[in-house]
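Report on the following structure.
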Amino acid sequence: MIQKISKNTIGLLLLIFLSVFISCNPSVGDSNTQKSTDINELEEIKKRGKLIVITDFNSVDYFIYKGQPLGFNYELIKKFADHIGVSLEIRTNYNLKNTFRSLQEGECDILAMGLTITKERTDFLQFTLPIMQTKQVLVQRKPEGWQKMRKKELENHLIRSTLELANKNIVVEANSSHCQRLRSLSQEIGDTIRYFGSPEFVTEALIQQVAEGRIDLTVSDEHVAMVAQTYYPNIDIALPISFAQNLAWAVKKDSNQLLEAINTWLKNYKTSKQYAFLFTRYFKNSRIKKTIKSEYNSYKGGRISVYDKFLKEQSTIVGWDWRLIASLIYTESRFNPNAKSWAGAFGVMQLMPVTANKFGVGEGSSPQAHIVAGIKYLKWLDKYFSKEIPDTTERINFVLASYNAGAGHVEDARALAKKYGKDPNIWFDNVDYFILQKSNPAFYKDSVVKYGYCRGTEPYRYVSEIVDRYNNYKNLIKS
């Protein structure tokens with residue numbers, strides 16, 4: 001029978017984790033008490049216009065690289081959101097028990113994570129068709145000087161049989177399938193395996209602790225461990241402790257229409273060239289190692305750009321989160337100081353010559369000077385809208401749209417919104433609709449319009465793109 005590590009035996013583990021023991025039982029609450037509804041959740045999502053998803057933050061499924069949100073599950077769920085015609089809101093949660101509870105209580109729609117399909121979990125979740133297959137592996141640290149050892153000598157220092165796990169201390173993510181597997185494995189080998197279910201650290205963080213010598217052993221899905229091994233070459237992941245297992249997304253027990261929509265889409269999409277490319281990109285492409293090791297990877301280095309420190313200092317000019325300005329810069333130039341548009345905008349902030357001159361910079365000015373000028377322009381726009389739109393969060397949307405299209409076109413869209421019974425001080429689902437319509441003669445020739453035609457798709461997409469990316473930055477990049 002498997003035993004939990006007692007306070008007397010975990011010793012240093014308690015100092016490391018500063019936590020009491022958390023059970024590895026994956027169940028969260030009685031499935032009979034789960035909320036039930038006859039509402040078609042898929043239609044509710046479409047009506048809301050947004051799919052709310054929780055996914056894993058790791059170097060495989062969801063991360064930021066050079067300012068761009070990436071990841072296997074992130075890209076896959078974004079494709080599904082596009083398929084059903086809604087925007088995507090990504091959330092992260094570092095505790096599986098809380099993640100399951102968030103789904104059950106309706107705080108999100110889908111768990112787009114690599115969840116192992118287990119009998120225990122089917123009591124309170126519905127799983128989609130498998131996203132992929134993997135197996136669980138033991139993660140252990142190679143001995144000091146392993147680079148100079150012959151293969152046979154190295155093998156003698158490593159665990160190479162599950163029987164050798166008897167009486168070993170293994171730290172795993174609390175409420176994970178790894179807990180269940182160790183419990184079963186203890187029965188299979190007929191001996192005690194001691195485990196500690198850490199509520200504070202996800203699997204990749206535990207792998208890092210193995211690599212750094214803070215704990216001895218953990219368990220990981222093989223595809224995650226293989227990626228981690230690229231930046232922790234001193235870990236060994238050669239010992240499988242399970243057979244192949246299916247990984248899938250999950251929805252609530254009563255989300256039948258949503259589940260059917262996901263499965264229908266997955267069945268078709270997984271046979272496409274796009275899926276094959278996506279899978280290869282993250283799991284079979286040797287260049288992914290460069291991405292993972294980069295200081296501009298949110299999981300490894302946590303930097304968005306070379307301008308992070310400067311943005312943190314200068315963002316106080318306008319009083320915005322520096323990560324929001326970074327998202328704007330990514331959209332404008334992808335942090336390229338030599339960028340120049342067909343319309344004559346230049347530099348990292350893509351300032352038009354007239355605006356640049358107004359704020360004292362030119363094409364020959366430094367990127368830092370361009371950033372300061374751009375932020376001062378944002379402040380000017382913010383002040384312009386401050387009386388009409390007192391809500392600071394809402395005002396950001398109007399400032400962003402004006403940065404792209406000019407305040408005049410945004411004022412026209414506000415006037416149209418007011419005329420047609422929408423709120424002129426709310427951007428999404430109100431003014432944004434009318435900025436989109438400013439390429440339509442029926443609207444741009446309206447008597448309330450002063451600035452005429454505007455290619456409205458640009459500011460319409462511009463605001464959503466920047467805000468969505470900023471939300472991803474908030475998830476993954478420290479403030």
Notebook entry, point to check: Quick check: is even one residue across region 336-347 in a helix (DSSP H, G or I) and either assigned by TED's automatic domain parsing to the domain that holds Val463 or modelled with pLDDT of 95 or more (or both)?
Noted result: no
Check: If you check Glu388 against the conditions, is it acidic (Asp, Glu) and either closer than 16 Å to Val449 by Cβ or outside the structural domain of Thr457 (by TED's automatic domain parsing) (or both)?
Finding: no
Notebook entry, point to check: Which one of these does Tyr299 not meet: (1) assigned to a helix (DSSP H, G or I); (2) buried (at least 20 other Cβ atoms within 10 Å of the Cβ); (3) touching a Ser or Thr at 6+ places or on another chain (Cβ under 8 Å)?
Noted result: (1)
Margin query: Just to be sure before I move on: is Lys289 in the same structural domain as Gly106 (by TED's automatic domain parsing), more than 16 Å from Ile77 (Cβ to Cβ) and within 20 Å of the chain's Cα centre (by Cα) in the structure I sent?
Written below: yes
Notebook entry, point to check: What are the residues in region 109-128 that are part of a loop (DSSP other than H, G, I, E, B) and touching a residue at least 24 places away in the same chain (Cβ under 8 Å), if any?
Noted result: Asp109, Ile117, Thr118, Glu120, Phe124, Leu125, Thr128
Next item on the list: Give me a count of the residues in region 244-278 that are among the small types (Gly, Ala, Ser) and not in a loop (DSSP other than H, G, I, E, B).
Entry: 4
Check: Only one residue in Leu138, Leu51 is under 20 Å from Glu260 (Cβ atoms) and either at pLDDT 95 or above or in contact with a Gly (Cβ under 7 Å, 6 or more places away or on another chain) (or both), so which one is that?
Finding: Leu51
Check: In region 362-407, what residues are free of Cβ contacts under 8 Å to residues at least 60 places away in the same chain, among the hydrophobic types (A, V, I, L, M, F, W, C) and either under 17 Å from Leu328 (Cβ atoms) or part of a helix (DSSP H, G or I) (or both)?
Finding: Ala369, Val372, Ala373, Trp380, Leu381, Phe385, Phe398, Val399, Ala405, Ala407
Note to self: Within region 320-327, does at least one residue satisfy the condition of being part of a strand (DSSP E or B), crowded, with 22+ Cβ neighbours inside 10 Å and of a type in the set (A, V, I, L, M, F, W, C)?
What the structure shows: no
Note to self: Whether any residue in region 232-241 is in contact with a Leu (Cβ under 8 Å, 6 or more places away or on another chain), part of a helix (DSSP H, G or I) and touching a residue at least 24 places away in the same chain (Cβ under 8 Å) is what I want to check.
What the structure shows: no
Notebook entry, point to check: What's the number of the condition Asp321 fails, among (1) assigned by TED's automatic domain parsing to the domain that holds Asp468; (2) at pLDDT below 95; (3) of a type outside the set (A, V, I, L, M)?
Noted result: (2)
Next item on the list: Considering each of Asn338, Asn357 in turn, give the residue that is within 30 Å of Ala415 (Cα to Cα) and without any contact (Cβ under 8 Å) to a residue 24 or more places away in the chain.
Entry: Asn357
Item checked: Residues being modelled with pLDDT of 95 or more and of a type in the set (Phe, Trp, Tyr) - total across region 291-318 -> 2
Next item on the list: Return yes when Leu88 is under 25 Å from Lys267 (Cα atoms), touching a residue at least 12 places away in the same chain (Cβ under 8 Å) and either among the polar types (S, T, N, Q) or surrounded by 21 or more Cβ atoms within 10 Å (Cβ to Cβ) (or both) and no when it is not.
Entry: no
Check: Inside region 437-456, can you point out the residues that are assigned to a helix (DSSP H, G or I) and more than 12 Å from Ala401 (Cβ to Cβ)?
Finding: Gln437, Ser439, Pro441, Ala442, Phe443, Tyr444
Check: Quick one: would you say Ala276 is within 26 Å of Phe127 (Cβ to Cβ), out of contact with any Asp or Glu (no Cβ under 8 Å at 6 or more places or on another chain), loosely packed, with under 15 Cβ neighbours inside 10 Å and not β-branched (Val, Ile, Thr)?
Finding: yes
Check: In region 181-212, which residue that is without any contact (Cβ under 8 Å) to a residue 24 or more places away in the chain and within 23 Å of Met226 (Cβ to Cβ) is surrounded by the fewest Cβ atoms within 10 Å (Cβ to Cβ)?
Finding: Glu212
Checklist line | Counted residues, region 260-284 - those being touching a Ser or Thr at 6+ places or on another chain (Cβ under 9 Å) and not aliphatic (A, V, I, L, M) | finding: 1
Check: In region 154-172, is there at least one residue being of a type in the set (Lys, Arg), assigned to a helix (DSSP H, G or I), under 19 Å from Lys135 (Cα atoms) and not assigned by TED's automatic domain parsing to the domain that holds Thr122?
Finding: no
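The values are calculated or read from the model by the stated rules, or taken from the named source; none is laboratory data. Not measured: the values here are computed from a predicted model. A quick note on method: Cβ atoms are made from the backbone with ideal geometry, for glycine too, and the neighbour counts reach across all protein chains shown.
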